[in-house]
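J.: Input: one structure, supplied below.
Please treat every number below as a calculation from the coordinates, not as lab data. Here the structure is a predicted model, which means the values were calculated and not measured. Using ideal geometry, Cβ is built from the backbone for each residue, glycine included, and neighbour counts are taken over all protein chains shown.
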Amino acid sequence: MKIAFVGKGGSGKTTLSSLFVRHLARTGAPVLAVDADINQHLGTAIGLSEPEAASLPSMGAHLPEIKEYLRGANPRIADAESMIKTTPPGSGSRLLRIAEDNPVYALCAREFRVDGAPLRLMATGAFTEADLGVACYHSKVGAVELVLNHLADGPGEYLAVDMTAGSDAFASGLFTRFDMTFLVAEPTRKGVSVYRQYKDYAADFDVNLRVVGNKVQGQDDVDYLREAVGEDLLAVFGQSDWVRRTEQGRAPRLDALEPENLAALDTLRAAVDASYPLRDWERYTRQMVRFHLRNAESWGNARTGTDLAGQVDPDFVLGEAVAMTA
Ligand SMILES: Nc1ncnc2c1ncn2[C@@H]1O[C@H](COP(=O)(O)OP(=O)(O)OP(=O)(O)O)[C@@H](O)[C@H]1O
Ligand SMILES: [Mg+2]
């Protein structure tokens with residue numbers, strides 16, 4: 001199951017994605033957490049020390065190897081250089097499973113134990129001064145898009161992405177790649193304005209969007225959110241002393257989180273699990289092809305000197321069964 005956490009800067013995307021993946025891992029579920037934010041903080045939020053978090057490999061730096069592995073023996077993709085972030089898998093491509101070992105995870109992921117449970121973490125990589133142009137941001141996040149487009153995941157296993165703030169994800173197909181998108185919103189006007197923006201895009205692409213209120217301090221806050229987002233409000237997190245203690249470096253165990261916040265984590269998981277029957281691999285594949293053709297025309301063909309439409313395998317549909325026979 002693929003889950004994104006989006007929302008305004010500072011709303012609590014990193015905090016809630018770290019709590020959510022820890023909650024899943026604690027139950028024994030295979031979990032891959034992905035830090036795709038410009039400010040890379042997911043590692044420390046999960047409980048890694050600064051040196052551990054800093055030692056995470058950068059997916060952006062391994063893009064050529066990721067492409068080389070994923071294209072496998074796909075005859076429609078001549079070489080890794082002509083593979084762009086939206087190049088879809090086809091017959092002969094290699095697919096990824098959440099719980100397996102593969103060269104992409106060996107290069108880009110690290111496994112840690114949190115609350116006694118194993119948890120895999122990948123990160124797009126820190127953004128240096130020179131990176132802060134939009135193009136580089138997109139190439140780093142492009143590694144995540146490639147992974148998602150080659151991932152044959154099933155129920156009971158989870159990949160959760162801590163995304164960048166605002167609407168950057170709309171520029172690519174990335175925001176359509178999830179079974180569930182959690183929009184983290186504080187009960188403020190700015191908090192819900194990002195929701196309205198996302199909601200418009202979401203409607204056009206069948207994005208399954210639910211709002212998670214955060215730093216909620218009372219019934220007035222809940223009422224405010226309910227009024228602003230209606231039925232899309234899934235759960236609320238309170239202002240948390242436990243979260244504050246982690247900020248102070250005291251690293252409490254997850255089972256010491258406030259009961260109402262633990263219950264909210266359960267609600268998130270139940271909503272993700274309940275979304276499985278809505279999954280439509282044909283639509284998922286069709287959308288990636290659509291974004292690929294759009295990218296090919298707008299810059300990909302010119303950059304690679306090839307007609308990238310030829311990379312599309314018209315008979316291929318990604319799916320769990322595909323991975324099992326691969
Ligand atoms: N429920 C909560 N209770 C108390 N503090 C919280 C809560 N949620 C988040 N915070 C605090 O709010 C701050 C911002 O949270 P966080 O870093 O998770 O937001 P973000 O959306 O990831 O921000 P950015 O856009 O900068 O990545 C942090 O100091 C965090 O500890
Ligand atoms: Mg963050």
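J.: Roughly what % antiparallel, to the nearest 5, for the DSSP beta bridges in the chain?
T.: 15 percent
J.: If amide hydrogens are placed 1.01 Å from N in the peptide plane, which non-local residues have theirs closer than 5 Å to the one on E258?
T.: Those lying under 5 Å, H to H, from E258 are W242.
J.: Determine the calculated [θ] at 222 nm for the chain from helices alone, applying -39500 (n - 2.57) to every DSSP H run no shorter than 4 residues and normalising by the residue count; nearest 500 deg cm²/dmol. Can you show the working numbers first?
T.: Values: 13 runs with 130 residues, N = 326.
Computed mean residue ellipticity for the chain: -11500 deg cm²/dmol.
J.: Would you please give the residues with an amide H less than 5 Å from that of A4, counting only those at least 5 places away or on a separate chain, with H modeled from the backbone geometry?
T.: The answer is V161, M180, T181, F182.
J.: OK, next. Along the Cα→Cβ direction, 7 angstrom out, place labels at R294 and E227. What is the inter-label distance in nm?
T.: Distance between label points: 3.5 nm.
J.: Among all helices in the chain defined by DSSP H, which have a length of 18 Å or more along the axis from Cα atoms plus a Kyte-Doolittle mean of at least 0.0?
T.: TM-like helix candidates: 13-26, 134-149, 259-274.
J.: Now a separate question. How far apart, in nanometres, would the label points at R286 and A256 be if each is projected 7 angstrom from Cα along the Cα-to-Cβ direction?
T.: Distance between the two pseudo-spin positions: 5.1 nm.
J.: Okay, next question. So how much slack lies between D315 and A126, counting 0.36 nm per residue of separation and subtracting their Cα-Cα distance, in nm?
T.: Gain on extension, D315 to A126, equals 64.3 nm.
J.: Let me ask another. Would you mind ranking S18, S82 by Cβ crowding within 10 Å, fewest neighbours first? Please report the intermediate quantities before stating the final value.
T.: On the way: S18 29, S82 19.
Ranking S18, S82 by Cβ neighbours within 10 Å, fewest first, gives S82, S18.
J.: Counting each pair of different Cα atoms once, what's the Kirkwood radius of the chain in Å, rounded to one decimal?
T.: 20.1 Å
J.: If contacts are Cα pairs under 8 angstrom and at least 6 residues apart, what is the relative contact order of the chain in percent?
T.: Answer for the chain is 26 percent.
J.: Another question about this same structure. Just to verify a number: FRET efficiency for A106 and R196, C-beta to C-beta distance, R0 = 41 Å, to 0.05? Walk me through the intermediate numbers first.
T.: Numbers: r = 42 Å, r/R0 = 1.02.
Given R0 = 41 Å and the Cβ-Cβ separation, E is 0.45.
J.: Using Cα-Cα distances under 8 Å and only pairs 6 or more residues apart, what relative contact order does region 213-287 have, in percent? Please report the intermediate quantities before stating the final value.
T.: Details: 45 pairs, mean separation 19.9, N = 75.
Reported relative contact order: 26 percent.
J.: Using the number of other C-beta atoms within 10 angstrom as an exposure proxy, rank I38, I84, I77 with the fewest first.
T.: Fewest-to-most ranking of I38, I84, I77: I38, I84, I77.
J.: Stokes-Einstein diffusion coefficient for region 66-122 at 37 °C in a medium of 0.692 mPa s, Rh from the Kirkwood formula over Cα pairs: what value in µm²/s? List each step's numbers first, then the result.
T.: Details: Rh = 12.8 Å.
The Stokes-Einstein estimate is 257 µm²/s.
J.: By how many nm would the segment from R303 to A274 lengthen if fully extended, with 0.36 nm per residue of separation less the alpha-carbon distance?
T.: Extra length available between R303 and A274 comes to 6.3 nm.
J.: Also, I was wondering about something else. Treat the count of other C-beta atoms within 10 Å as a stand-in for reagent exposure and order R120, R71 from fewest to most.
T.: R120, R71
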